[in-house]
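Reading through the structure tokens given below for one structure.
What follows is calculated from the coordinates using simple rules that are stated; it is not laboratory data. Not measured: the values here are computed from a predicted model. Positions of Cβ are generated from backbone atoms using ideal geometry, with glycine treated the same way; all protein chains shown enter the neighbour counts.
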Amino acid sequence: MSLNTLYDLPAPAKVNAFLHVVGRRADGYHLLQSVVVLIDWHDTLHIESRADGKLLRNDLTTPLPADDLCLRAAHALQLESGSGQGAVISIDKRIPTGAGMGGGSSDAATTLLALNQLWRLHWPRSRLLALGLSLGADVPFFLSGSNAFMEGVGERLTALDIPQQWLAVVKPAANTQTGTIYESPLLTRNTDAVILDSLLARGSWASRSNTVSSSQAALLFGRNDLQRPAVSQYVEIGQAAQWLENQFGNARMTGSGSAVFAWAGAVQSAGTSTQPTVTMPEVLPPGWLGRMCRSLEQHPLRGWAPD
């Protein structure tokens, strides 16, 4: 019997340990550098193939736009591969929207990885990455399967080994508009570019060929260049950052969304039920979402596409 349904597929969120805008291309796209880290706050997808070529989506929790990134990813893969198969994509949405945590991009990446299996396309990761970039800047990161140093507009990725960390993540009620942040006169667009070798020397992240040591100072490297213009437009982001600063001593925005996070210490026993030494307060300000998260060493579907 051939496989035609995949259940309980994780689509993990991410945080940007730092996010620097180092330039701008002639076509207006901003050039970025970032260390992007997978975390265990995730959506769950269930995907069933269809023989009639139709692509449908079921929203199991939060209603999504009619033409969300999952369906666009499925349509793009169907078109590029010439497959006559379809699918029903059911999404249990848990990652907050408008948070800068990459939820939509992660859902799209999980959809591509799953359909690559269900439709028996056997595309290599490099081919999925090229398709993913046409959908959004964060999609290639989730397809890559690893924590990474990201450059360009999201297409240049260097896999990093990062020791597992606890982090507190808070999403205030505000939802940002990415375009208005990037257009802001307050945005710094000429941050000095980071040299990867000097970054690796900081010690808490390393390329796959190097040993890894844990250093909280390196996790606090840099800043999010989008935070200043975002806070000027959405006062709640600044309030959430100050709230986390008071709780944990460090806080910064992730991506271009409204979520902020703070590192809360290394995971001492990876893969166990070990609890963080600090916890999220039980009562958050009205309208805010928050939880303690653990960073992931790799994407749960890392082996689903051949390198």
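Data table
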{"read-out": "Inter-centroid distance (Cα atoms) of segment 1-68 relative to segment 231-307, Å", "value": "19 Å"}
{"read-out": "The chain: relative contact order in percent, alpha carbon pairs under 8 Å with at least 6 residues between", "value": "24 percent"}
{"read-out": "Of 242, 227, 275, the one that fluctuates the most in a GNM where the chain has Cα springs shorter than 10 Å", "value": "275"}
{"read-out": "Computed E for residue 307/residue 3 - FRET, C-beta separation, R0 22 angstrom, nearest 0.05", "value": "0.50"}
{"read-out": "Rg/Rg_ref, segment 108-186, where Rg_ref = 2.2 N^0.38 Å and atoms are Cα", "value": "1.36"}
{"read-out": "Segment 5-159: relative contact order as a whole-number percent, Cα under 8 Å and 6+ apart", "value": "27 percent"}
{"read-out": "Around residue 88: net Lys/Arg minus Asp/Glu count, Cβ-Cβ under 13 Å", "value": "0"}
{"read-out": "Least to most buried among 151, 80 (fewest other Cβ within 10 Å first)", "value": "80, 151"}
{"read-out": "Positive-pole candidate from 166, 177, 106, dipole of segment 94-213, charges at beta carbon", "value": "106"}
{"read-out": "Peptides ranked, highest mean first, by Cβ atoms within 10 Å: ranges 103-113, 122-132, 168-178", "value": "103-113, 168-178, 122-132"}
{"read-out": "161, 225 arranged by Cβ crowding within 10 Å, fewest neighbours leading", "value": "161, 225"}
{"read-out": "Distance-filtered residues of segment 220-253 - backbone nitrogen under 15 Å, label point 7 angstrom along residue 186 Cα→Cβ", "value": "224-242, 253"}
{"read-out": "Convex hull volume per residue for the chain, taking Cα atoms only, in Å³", "value": "140 Å³"}
{"read-out": "Order of 43, 192, 138 - criterion: other Cβ atoms within 10 Å of each residue's Cβ, fewest first", "value": "192, 43, 138"}
{"read-out": "Segment residue 178-residue 284, extension gain: residue separation times 0.36 nm, minus the distance between their alpha carbons", "value": "35.6 nm"}
{"read-out": "Estimated distance in nm for a label pair at residue 27 and residue 202, the labels positioned 7 Å out from Cα along Cα-to-Cβ", "value": "3.0 nm"}
{"read-out": "Of 21, 278, 139, the one that fluctuates the most in a GNM where the chain has Cα springs shorter than 10 Å", "value": "278"}
{"read-out": "Quarter of the Cα convex hull surface for segment 19-58, i.e. its orientation-mean projected area (nm²)", "value": "6.0 nm²"}
{"read-out": "Descending semi-axes in Å of segment 1-136, equivalent ellipsoid built from Cα gyration tensor", "value": "27, 18, 13"}
{"read-out": "GNM top mover of 29, 234, 182 - the chain, alpha-carbon springs below 10 Å", "value": "29"}
